Amino acid sequence: MTQSAIADALGIGRVTVVRLLSDARNLHEVRISLSRTVSELTALEMALERAFGIREAVVAPLSSRDADPTRPIAAATGQFISELLKPGMKIGVGWGKTLLQALDFISDRQIPDISIVSLLGGIVRAKQYNPTEFAWQFSRLLQAECFLLPAPALVDSIETKRALVERCGLSEIFEVGSSLDTILLSVGGMTPDATAYRFGYFSEQDRLSLIKEGAVGDLLYYFYGLDGRLVEHPTNERVMAIPIESLASAPNRILTSGGPSKVDAIIGAIRMVKPTAFITDEVTASSILKAVGVPSP
């Protein structure tokens, strides 16, 4: 049930429902998890695995076809990560709304010798929430070492990027980023309300020119086409992020995202990073399979 539906059923305000759920989680009185025993979800997972050669697909249920999938995907992501964590891991992470919400569902326990590496620079001006906080908050949750990339997500030129990496001490993070055990990424779409545009790094003119060049989405502000290849656009040379080719060699590559406006973006991202694990919702899963010509179970 949605929080609003719970509020109506109990005759209390939605804000009270949010507070009570938050208090219950913080006090460890309840743990919210997803059941994956529903046969329809299992069939979708198996179809995605076969269609894209993915080792493990996770499909989260939705309360309705029109429901916002962000929270269910975040819950599935948090649960998946909690089960994956083990001592000595070096985890590279992106940022975004889905990953930030996944923090609520990650088991907060200390695991020895874990390192969290932010794969993308930060934003200068935050609105409502700061998606770049994910790496820091994730590391705090696990009491882990955290490597941040102290630079804007996008700089003005490739010369500035080279100078920051070679002369300002960022080469160490780029080296760490090339030897990760696990990467965790979410997908950005090309709509005006996507994270990449909402925080002011890209103008409407940039968005339209990227679309003209065939861009369907972004990973770490690297824009790519449906075929999973980076598009020819100056923006891709100015991104302060670990190169995609470095991430593709990580043994565990986790991609998590969903939503009707991201179907092409997700397909392109799967083709680019070839994830070992993919987490999405049931409606998006069906749409992705339909888009690649696979009958939905």
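The values are calculated or read from the model by the stated rules, or taken from the named source; none is laboratory data. From a predicted model like this one, the values you see are computed outputs, not experimental measurements. Cβ sites come from the backbone with ideal geometry, for glycine too, and all protein chains shown count toward neighbours. These accessible areas exclude ligands, DNA and RNA; they are computed on the full protein's heavy atoms, side chains included. Shrake-Rupley method; radii C 1.70, N 1.55, O 1.52, S 1.80 Å.
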- prompt: When the residues of segment 2-35 are filtered to those that are part of a loop (DSSP other than H, G, I, E, B), β-branched (Val, Ile, Thr) and modelled with pLDDT under 85, which remaining residue is surrounded by the most Cβ atoms within 10 Å (Cβ to Cβ)?
  reply: 2
- line: For segment 1-30, pairs from a residue that is within 17 Å of residue 103 (Cα to Cα) to a residue that is surrounded by 12 or more Cβ atoms within 10 Å (Cβ to Cβ) and at pLDDT 85 or above, with Cβ under 7 Å and 6 or more apart or across chains, are 25/104; 30/24
Pairs where the first residue, in segment 87-114, is under 18 Å from residue 31 (Cα atoms) and the second is in a loop (DSSP other than H, G, I, E, B), C-beta under 7 Å, 6+ apart: 105/32; 110/143
Complete set of residues in segment 198-230 that are closer than 24 Å to residue 118 by Cβ, open to solvent by 20 Å² or more (accessible area, probe 1.4 Å) and free of Cβ contacts under 8 Å to residues at least 60 places away in the same chain: 206, 230
- request: Output the residue which, of all residues in segment 188-197 that are modelled with pLDDT of 85 or more and closer than 22 Å to residue 254 by Cβ, is surrounded by the most Cβ atoms within 10 Å (Cβ to Cβ).
  value: 188
message: Can you pull out every residue in segment 57-67 that is open to solvent by 20 Å² or more (accessible area, probe 1.4 Å) and touching a residue at least 40 places away in the same chain (Cβ under 8 Å)?
response: 61, 62, 63, 65, 67
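Which members of segment 241-259 meet the condition of being open to solvent by 10 Å² or more (accessible area, probe 1.4 Å) and either in a loop (DSSP other than H, G, I, E, B) or acidic (Asp, Glu) (or both)?
Answer for segment 241-259, where residues must be open to solvent by 10 Å² or more (accessible area, probe 1.4 Å) and either in a loop (DSSP other than H, G, I, E, B) or acidic (Asp, Glu) (or both): 243, 245, 248, 249, 251, 258.
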query: Within the bounds of segment 231-240, is there any residue that is among the acidic types (Asp, Glu), open to solvent by 50 Å² or more (accessible area, probe 1.4 Å) and farther than 23 Å from residue 159 by Cα?
result: no
